[in-house]
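None of the figures in this text is laboratory data; all of them are computed from the coordinates on show. Quick caveat: nothing in here was measured; it's all calculated off a predicted structure. With ideal geometry, Cβ positions are generated from the backbone for all residues, glycine too; neighbour counts draw on all protein chains shown.
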Amino acid sequence: MKTDFEKLLESKHMLEFLSPNPFEEILNPVTNMFIQQSPSVQLLQFKIAGDPDWLSGAKPADHQNDVILVRTGFTVMCDFSLQDNEGIYDLKGVLTWVGANLDETPITKMWMDLDGHLNEFGKDGKLQQRIYELDA
């Protein structure tokens, strides 16, 4: 499988709050989402197609001017190719990955919104709502 995470390299330090192996942690659930729909599906290519939108929340630390990250999330445009018994399909979507309770027992959740756009799912869209959903 061909992958391209170059657009996320600059913010990899933030991704590591969600997982120590963030790129693998993105690929595995995305692949499984499609396999659940059709067991014969193979993910041929996955590419981060744009810069991510990030939102984060923190609480004050014991030391003045320090904060502790307690929640974060990002959305990013993705391009990917799938193959099944019928043929090859080139798709686009918005990947969202959020985490809460990062200072205690982290909870994370991921979404793939096919044919979505950042204006609907990014920092000015559903990203904040999805981050706070984890508190429910």
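Before moving on, here are some points about what is shown:
- Under Karplus coefficients 6.51, -1.76 and 1.60, residue-wise ³J(HN,Hα) of the range 48-61 in Hz, glycine/proline x: 7, 9, x, 7, x, 9, 10, 9, 9, x, 9, 10, x, 8
- Rough spin-label spacing in nm, given labels placed 7 Å along Cα→Cβ, for Glu104 and Asp62: 1.8
- Net charge dipole, the range 2-131: roughly 180 debye, given to the nearest 20, about the Cα centre with Cβ charges of +1 for Lys and Arg and -1 for Asp and Glu.
- Short-range pairs are left out: with C-alpha atoms under 8 Å and at least six residues apart, the relative contact order of the chain is 21 percent.
- With contributions of -39500 (n - 2.57) from each DSSP H run of at least four residues, the per-residue ellipticity at 222 nm computed over the chain stands at -6000 deg cm²/dmol.
- In the set (1) 28, 18, 15; (2) 35, 22, 9; (3) 30, 14, 14, the label that goes with semi-axes √(5λ) of the Cα gyration tensor in Å computed for this structure is (3).
- 15 Å Cα cut-off, lysine pairs counted over the chain (separation 8 or more, or different chains): 4
- Taking the C-alpha atoms only, the angle from helix 22-37 to the longest principal axis of the chain is near 50 degrees.
- Packing, taken as the mean count of other beta carbons within 10 Å per residue, orders the peptides 11-24, 110-123 from highest to lowest as 110-123, 11-24.
- Taking a ≥ b ≥ c as the square roots of the Cα gyration tensor eigenvalues, the range 84-129 comes out oblate, since a/c reaches at least 1.5 and a/b does not exceed b/c.
- The local environment of Arg71, defined by Cβ-Cβ distances under 12 Å, has a net charge of -1 under the rule Lys, Arg +1 and Asp, Glu -1.
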